[in-house]
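Here the structure is laid out as structure tokens; the discussion comes afterwards.
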Amino acid sequence: MSELKRILQESIAHDGPMALDTFMAVSLSHSRHGYYMTRDPFGVKGDFVTAPEISQMFGELIGLWAAEVWMMLGAPDKVHLVELGPGRGTLMADALRAARVSNEFSSALQVHLVETSPVLQQMQKDKLAQAPVPVTWHTSLDTVPEGPAIFIANEFFDCLPVRHYVKTPEGWRQRLVGLDAQSDLSFGLAADPEPLLTMDAPDGAVLELSPASQLFMGQVAGRVAKGQAAALIIDYGYAETGYGETLQALRAHQSVSPLACPGEADLTAHVDFSSLTRAAQVAGADVFGPVSQGEWLLRLGIAQRADALKKRASEEQSQAIELALARLVTERVGDMPGMGLLFKALAVLPRGASVPPGFARES
Ligand code: SAH
């Protein structure tokens, strides 16, 4: 049994069942045994692969996007390039290399990485040791200085905790993590329905909410709304809020029960882009998208970038570039799922800003 499972069982035995978002937060971020705190989860040997780990083209295009957005914001002398949940630091390394196309932009940059995991912070430090710009680490947004900024978040919001409410004949009851007769972790429902949740839905319908995501988005968008700042969010998820549950646990590329091995499997949920949009608008910012990742990357010229890379590549490397391109922009690659449609990009800008690259006014 995992050490974290024992800690959770003790806590529930002592304090009673816990909300799903508490369980998810502890599983991922417990200071000693949390999933992200103890390991490098990426790559073929890890639990999942992200877009920057598939191809350098992804981070490069984000670097060029940031350079154009910086121009749109009036090319401030100093700009904070802030990445939320930077993983291995690959996206930032590729973005900074591409940003060198503009000397003015490169010399304005001050990089801030918001990362809770000490293991991943160390990997990022190694990856960015030669970075030509100052880089500072933070464990929360609070210590990132105010001022002109571009925020980047790839596959960050999907690991923020979600909460579930289930429709029963008595009303909407919150899903809790408790203990079964053998003292093993098990799902249950709160005894009392939520008095303020009065929507009609078939029994068994599930409402999945992520208050932590809304809060985070509100903080970022609040900074954007003050002017000379922008945010780019890329993640997998859905465009319209609806009923249904998407919480999943992945271990070594296999799906497992979210309760099976807390701290040893990645827990994520699909991102509700309409709820992020509302949170950003309430904070006073304008939102563009979501647009599918495939369409967004193609609009930014990823096919041309792939062609340029192939010109200098061996036959084997060319095939790898083609495959990476297909994984990033299409819905399916053979019998493997691609990221092109399920993943989406959303941009947040100050009110009245013009359309950022890759987005459309009506998208
Ligand atoms: N953006 C990277 C990694 C995505 S995985 C990529 O695309 O490859 C999620 C990342 O978010 C990890 O680096 C994880 O440690 C970090 N993370 C998770 N919860 C966080 C939180 N509350 N604050 C800051 N970073 C967090």
Summarise the long-distance tail of P(r) for the chain by giving the % of C-alpha pairs beyond 24 Å. 59
Beta bridges by DSSP in the chain, antiparallel share as percent, to the nearest 5: 60
Connecting every pair of Cα atoms under 10 Å apart in the chain and solving the GNM, the largest mean-square fluctuation among Val101, Val348, Val114 falls on Val101
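Given Lys127/Lys226; Lys5/Lys127; Lys125/Lys310; Lys167/Lys344; Lys45/Lys125; Lys5/Lys344, which pairs have Cα atoms separated by over 26 Å? Write out the running numbers ahead of the final one.
Values: Lys127/Lys226 32 Å; Lys5/Lys127 33 Å; Lys125/Lys310 30 Å; Lys167/Lys344 29 Å; Lys45/Lys125 21 Å; Lys5/Lys344 34 Å.
Correct reply: Lys127/Lys226; Lys5/Lys127; Lys125/Lys310; Lys167/Lys344; Lys5/Lys344.
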Expressed as an acute angle from 0 to 90° and rounded to the nearest 10, what is the orientation of the C-alpha long axis of helix 211-225 relative to the principal long axis of the chain? 30
Expressed per residue, the solvent accessible area of the chain in Å² (1.4 Å probe) is about 44
Taking the convex hull of the alpha carbon atoms in region 1-148, what volume per residue do you get, in Å³? 130
Taking the Cα atoms only, what angle lies between the long axis of helix 90-99 and the longest principal axis of the chain, rounded to 10 degrees? 20
Could you give me the percent of Cα pairs per 10 Å distance bin for region 1-57, shortest bin first, beginning at zero and ending with the bin that holds the maximum distance? 20, 40, 25, 13, 3, 0
Karplus-derived 3J(HN,Hα) from phi for region 158-170 (6.51 cos²θ - 1.76 cosθ + 1.60, θ = phi - 60°), whole Hz, x at Gly and Pro, runs 5, 9, 7, x, 10, 10, 10, 10, 10, 6, 10, x, 7
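Measure off, as a whole percent, the carbon and sulfur share of the 1.4 Å-probe accessible area of the chain, all protein chains present. Please report the intermediate quantities before stating the final value.
Details: 8560 of 16140 Å².
Carbon with sulfur: 53 percent of the solvent-accessible area.
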How do 309-315, 14-20 rank on mean C-beta neighbours within 10 Å, highest first? 14-20, 309-315
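Calculated from DSSP H runs of 4 or more alone, at -39500 (n - 2.57) each and per residue, what is the 222 nm mean residue ellipticity of the chain, nearest 500?
Working: 13 runs with 131 residues, N = 363.
Value at 222 nm, helices only, nearest 500: -10500 deg cm²/dmol.
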Take each of the peptides 71-82, 212-223, average the number of other beta-carbon atoms within 10 Å over its residues, and list them starting from the highest. 212-223, 71-82
Percent RCO, i.e. relative contact order, over region 193-323, from Cα pairs under 8 Å lying at least 6 residues apart: 25
What are the extents of the Cα atoms of region 113-272 along their three principal axes, in Å, largest first? 60, 38, 24
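Determine the percent antiparallel among the DSSP beta bridges restricted to region 71-216, to the nearest 5.
On the way: 13 of 28 bridges.
Bridges in region 71-216 that DSSP calls antiparallel: roughly 45 percent.
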Could you order peptides 165-178, 250-263, 48-61, 187-200 by the average number of other Cβ atoms within 10 Å of their residues, highest first? 48-61, 165-178, 250-263, 187-200
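The values are calculated or read from the model by the stated rules, or taken from the named source; none is laboratory data. Keep in mind the model is a prediction, meaning the values are calculated, not measured. Heads up, the Cβs are rebuilt from the backbone with ideal geometry, glycines too, and the neighbour counts pull from every protein chain shown. The accessibility values were calculated without ligands, DNA or RNA, using every heavy atom of the protein model including side chains. Shrake-Rupley method; radii C 1.70, N 1.55, O 1.52, S 1.80 Å.
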